[in-house]
Amino acid sequence: MARNLHVNGRVHEVEASDDTPLLWVLRDHLGLTGTKYGCGVMACGACTVLVDGEPVRTCVMPVSGFTEAQSITTIEGLPGADEDPVQKAWTEHSVAQCGYCQSGMIMAAHALLAKQPEPSDADVEQAMTNICRCGTYQLVRVAIRQAAKEMRDA
Ligand code: FES
Ligand code: FES
């Protein structure tokens, strides 16, 4: 059925069955392929987007669970490394290796920093449960520290 979704600041009409996971609506219907499919069971975080600022793993969340009143942000909705302290820190520390998990990591980091401007190691540990097969975890932590400082100093 047709439904409206508010994605990256615009309302999009999409035609999808109720049980289609949001991930596939974003990727296949809207062409927003920065959000990735990893495990399909909410374990890896590759499919993470923000919904009203909260990190949501979209691989098993049916599109019928989302309304136009909710604001969905994907990696494509972020302003890029020139303006976004998180993407800037990621770029400066060359966090990405193959890159496959990284949009999910960046979205999770955004959700964390919106709630915790000065996250403790435990906060980072708790929020960043995304899996990276390339083992970028240490660089992710360094980049989050830098982004947090930059956001606080802005
Ligand atoms: S693909 Fe959604 S959590 Fe892994
Ligand atoms: S950078 Fe390759 S899986 Fe994370």
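The values are calculated or read from the model by the stated rules, or taken from the named source; none is laboratory data. Owing to the predicted nature of the structure, the values given are computational and were not obtained by experimental measurement. Positions of Cβ are generated from backbone atoms using ideal geometry, with glycine treated the same way; all protein chains shown enter the neighbour counts. What goes into the accessible areas is simple: the full protein's heavy atoms, side chains included, and nothing from ligands, DNA or RNA. Shrake-Rupley method; radii C 1.70, N 1.55, O 1.52, S 1.80 Å.
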Just checking, how many residues over the range 93-105 are under 16 Å from residue 146 (Cβ atoms) and either in a strand (DSSP E or B) or open to solvent by 20 Å² or more (accessible area, probe 1.4 Å) (or both)?
3
Yes/no for residue 112 being crowded, with 20+ Cβ neighbours inside 10 Å and touching a Ser or Thr at 6+ places or on another chain (Cβ under 7 Å):
no
The range 44-60 - residue that is open to solvent by less than 50 Å² (accessible area, probe 1.4 Å), in a loop (DSSP other than H, G, I, E, B) and not hydroxyl-bearing (Ser, Thr, Tyr) and, of those, farthest from ligand 2 (Cβ to nearest atom)
53
What single numbered condition from (1) part of a loop (DSSP other than H, G, I, E, B); (2) more than 14 Å from ligand 1 (Cβ to nearest atom); (3) open to solvent by 50 Å² or more (accessible area, probe 1.4 Å); (4) more than 20 Å from residue 144 (Cα to Cα) fails to hold for residue 41?
(2)
I need a count of the residues in the range 61-92 that are open to solvent by 60 Å² or more (accessible area, probe 1.4 Å) and either modelled with pLDDT under 95 or in a loop (DSSP other than H, G, I, E, B) (or both).
7
Identify all residues within the range 118-144 that are more than 17 Å from the chain's Cα centre (by Cα) and open to solvent by less than 30 Å² (accessible area, probe 1.4 Å); write none if there are none.
119
Of the numbered conditions (1) over 16 Å from the mean Cα position of the chain (by Cα); (2) more than 16 Å from ligand 1 (Cβ to nearest atom); (3) within 27 Å of residue 148 (Cα to Cα), residue 90 satisfies every one except a single condition; which is it?
(1)
All but one of (1) more than 16 Å from ligand 2 (Cβ to nearest atom); (2) crowded, with 18+ Cβ neighbours inside 10 Å hold for residue 35; which doesn't?
(1)
